[in-house]
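Participant: Structure below; questions to follow.
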Amino acid sequence: MYIKKDVVIVGGGAAGFFAAIQIAEQNPDLDIVILERGKEVLTKVKISGGGRCNVTHAEFIPSELVKNYPRGEKELLGPFHSFCSGDTIEFFEQRGIALKIEEDGRMFPVSDSSQTIIDCFLSEVKRLGIQILKNHSVKEISKQENEWYLQTNQEGFQAKKVLIATGSNPKIWKMLETLEHKIIAPVPSLFTFNIKDNRIKGLAGIAEEVSIKVLDTKLESEGPLLITHWGMSGPAILKLSAWGARELNSHNYQFKIKVNWLFKTTIEEAEKELKVFRTENPKKLIVNTKPFSISKRLWLNFVEVSTISEKLRWADLSKKQLSQLATQLTESVFQVNGKSTFKEEFVTAGGVDLKEINFKTFESKKHENLYFAGEVINIDAITGGFNFQNAWTGAFIAAKAMAY
Ligand SMILES: Cc1cc2nc3c(=O)[nH]c(=O)nc-3n(C[C@H](O)[C@H](O)[C@H](O)COP(=O)(O)OP(=O)(O)OC[C@H]3O[C@@H](n4cnc5c(N)ncnc54)[C@H](O)[C@@H]3O)c2cc1C
């Protein structure tokens with residue numbers, strides 16, 4: 001016995017709720033159910049953004065927005081023309097939720113509470129008569145003629161249209177493989193680098209604007225770098241972890257990075273500046289004066305590893321020491337040994353192969369009336385509200401196709 005529905009949504013997370021609301025708004029006659037395996041829905045929304053939910057990013061140009069997606073950059077361009085960050089803002093504003101923009105572009109509810117977003121979704125599904133069934137884990141999906149059949153740990157369901165919005169769930173990916181979908185193997189994205197090195201020891205909390213390269217790869221990034229108790233974090237590192245998710249995994253998270261603490265200043269330019277500074281400040285102690293605006297403690301560590309004594313004055317700085325200092329400042333090499341989670345936030349790179357999805361509808365190219373949205377697809381972004389934007393956009397477009 002299967003319970004008949006018009007639409008079954010598998011997964012009561014960000015994408016599942018957003019899609020259900022959009023479908024019901026467009027076609028109130030449809031009987032829609034959300035099946036959620038957990039005893040609560042929207043659990044990731046709850047903990048997202050440190051409990052504040054970074055719902056989107058204040059980047060309103062699709063061709064710029066896509067640049068934040070290491071996987072999905074090409075595929076999301078069209079979808080963002082249909083539903084972009086401005087539409088997300090409008091969706092929430094229409095429901096009485098004002099969003100605010102932080103200095104770095106991240107957008108949060110003015111309440112600074114993810115519960116505001118959850119309350120909005122819950123009241124919308126109630127208003128629209130969408131059924132939510134918790135503790136319903138989908139175990140099997142099959143198709144007979146034009147109907148989909150879904151077996152949960154409780155009842156079975158039958159529907160014409162199904163949306164898979166299960167996030168990064170390996171069991172569902174396995175199930176999709178039985179439906180002949182190709183799954184790109186999951187690897188973690190958005191992590192910080194573990195580094196044990198005397199040059200950054202005791203400097204946790206110091207942030208610098210840097211450019212970085214991963215040696216023996218093409219990976220590079222720039223932006224703020226934060227020294228932590230375990231190594232390095234901050235946007236410049238997180239960007240590398242996202243763009244290099246697969247490659248760094250293949251190196252088993254053992255690799256070397258080269259940090260330019262003077263951002264784009266070359267080693268030659270740094271040497272030149274040091275020489276000028278030496279000429280202009282011959283009597284000053286090197287430990288007390290520096291020509292660059294990097295943190296004093298970092299400067300002291302570089303002075304130390306360049307074998308410059310505390311008592312040395314600029315006039316006595318040798319050619320070799322000057323060159324060592326310039327190297328530390330612009331081409332510091334650090335060994336990375338493993339990774340750590342960034343503020344508990346992580347996403348998974350991997351999922352349903354992008355080639356197997358029609359991005360005009362988010363429908364499977366292999367099976368009619370099977371749709372995908374959110375992290376179940378091989379799309380992920382750097383931190384900043386972009387992962388939710390992917391969930392909202394995919395859900396919106398799938399909903400439009402599923403509503404009739
Ligand atoms: C700590 C943390 C903080 C984050 N903060 C942010 C942020 O501030 N901004 C941002 O943009 N992104 C953030 N992210 C990423 C973001 O949460 C995800 O990209 C987003 O939730 C993906 O939405 P989704 O609907 O695809 O998956 P999910 O939100 O994970 O929802 C999937 C749902 O499907 C259910 N499910 C799975 N398998 C089954 C099954 N077999 N049967 C039934 N149900 C099933 C799951 O239980 C879950 O409820 C954060 C991630 C983490 C871990």
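Participant: Mind counting the residues in the stretch 367-384 that are within 12 Å of the ligand (Cβ to nearest atom) and open to solvent by less than 10 Å² (accessible area, probe 1.4 Å)?
Facilitator: Total satisfying the criteria: 9.
Participant: Taking the stretch 180-206, which residues are within 20 Å of residue 337 (Cα to Cα) and within 16 Å of the ligand (Cβ to nearest atom)?
Facilitator: Hits for the stretch 180-206 are 187, 188, 189, 190, 191, 192.
Participant: While we're on this one: If we keep just the residues of the stretch 1-57 that are acidic (Asp, Glu) and surrounded by fewer than 24 Cβ atoms within 10 Å (Cβ to Cβ), which is nearest to residue 90 (Cα to Cα)?
Facilitator: Restricting attention to the stretch 1-57, the residues satisfying the condition of being acidic (Asp, Glu) are 6, 25, 29, 31, 36, 40.
Cutting the leftovers down to surrounded by fewer than 24 Cβ atoms within 10 Å (Cβ to Cβ) gives us 6, 25, 29, 31, 40.
Working: 6: 28, 25: 15, 29: 25, 31: 26, 40: 27 Å.
That would be 25.
Participant: Another question about this same structure. Sort through 209, 177 and tell me the only one that's open to solvent by 20 Å² or more (accessible area, probe 1.4 Å), assigned by TED's automatic domain parsing to the domain that holds residue 330 and more than 20 Å from residue 340 (Cα to Cα). Don't jump to the end; show me each part of the working.
Facilitator: Values: 177 fails: assigned by TED's automatic domain parsing to the domain that holds residue 330.
Answer to the selection: 209.
Participant: How many residues are away from the ligand (no atom under 12 Å from the Cβ) and either part of a strand (DSSP E or B) or open to solvent by 20 Å² or more (accessible area, probe 1.4 Å) (or both) if we restrict to the stretch 385-404? Walk me through how you get there before you give the answer.
Facilitator: Filtering the stretch 385-404 for residues away from the ligand (no atom under 12 Å from the Cβ) gives 396-397, 399-404.
From what's left, either part of a strand (DSSP E or B) or open to solvent by 20 Å² or more (accessible area, probe 1.4 Å) (or both): 396, 400-401, 404.
Selection size over the stretch 385-404: 4.
Participant: The conditions are (1) assigned to a loop (DSSP other than H, G, I, E, B); (2) open to solvent by less than 40 Å² (accessible area, probe 1.4 Å), and residue 91 fails exactly one of them. Which is it?
Facilitator: (1)
Participant: How many of the residues in the stretch 311-340 are under 20 Å from residue 212 (Cβ atoms) and in a strand (DSSP E or B)?
Facilitator: Result for the stretch 311-340: 8.
Participant: Now for a different question. Pairs only if they're at least six apart or on different chains, beta carbon under 7 angstrom, first in the stretch 6-19 and near the ligand (Cβ under 8 Å from one of its atoms), second acidic (Asp, Glu); list them, first residue then second.
Facilitator: 11/36; 12/36
Participant: Here's another thing I want to ask about it. Within the stretch 283-305, can you find the residues that are aliphatic (A, V, I, L, M), within 21 Å of residue 260 (Cβ to Cβ) and open to solvent by 30 Å² or more (accessible area, probe 1.4 Å)? Write out each step before concluding.
Facilitator: First, pick out the residues of the stretch 283-305 that are aliphatic (A, V, I, L, M): 285-287, 294, 298, 300, 303, 305.
Checking the rest, the ones that are also within 21 Å of residue 260 (Cβ to Cβ) come to 286, 294, 298, 300, 303, 305.
Residues satisfying the conditions are 300, 305.
Participant: Within the group 39, 67, which residue is within 15 Å of the ligand (Cβ to nearest atom), over 17 Å from residue 376 (Cα atoms) and among the basic types (Lys, Arg)?
Facilitator: Checking each option against the conditions leaves just 39.
Participant: Suppose we filter 57, 81 for residues that are within 13 Å of the ligand (Cβ to nearest atom) and farther than 29 Å from residue 138 by Cβ; which single one remains? Reasoning before the result, please.
Facilitator: Values: 81 fails: within 13 Å of the ligand (Cβ to nearest atom).
Answer to the check: 57.
Participant: Follow-up. Scan the stretch 135-157 and give yes if some residue there is assigned to a helix (DSSP H, G or I), buried (at least 16 other Cβ atoms within 10 Å of the Cβ) and at pLDDT 95 or above, otherwise no. If you could, list the steps in order and put the result at the bottom.
Facilitator: First pass over the stretch 135-157, keeping only residues assigned to a helix (DSSP H, G or I): none.
No, the stretch 135-157 contains no residue that is assigned to a helix (DSSP H, G or I), buried (at least 16 other Cβ atoms within 10 Å of the Cβ) and at pLDDT 95 or above.
The values are calculated or read from the model by the stated rules, or taken from the named source; none is laboratory data. The model shown is predicted, which means the values in this text are computed figures rather than measured ones. All Cβ positions, glycine included, derive from the backbone under ideal geometry; neighbour counts span all protein chains shown. Note: areas computed on protein heavy atoms with side chains; ligands, DNA, RNA excluded. Shrake-Rupley method; radii C 1.70, N 1.55, O 1.52, S 1.80 Å.
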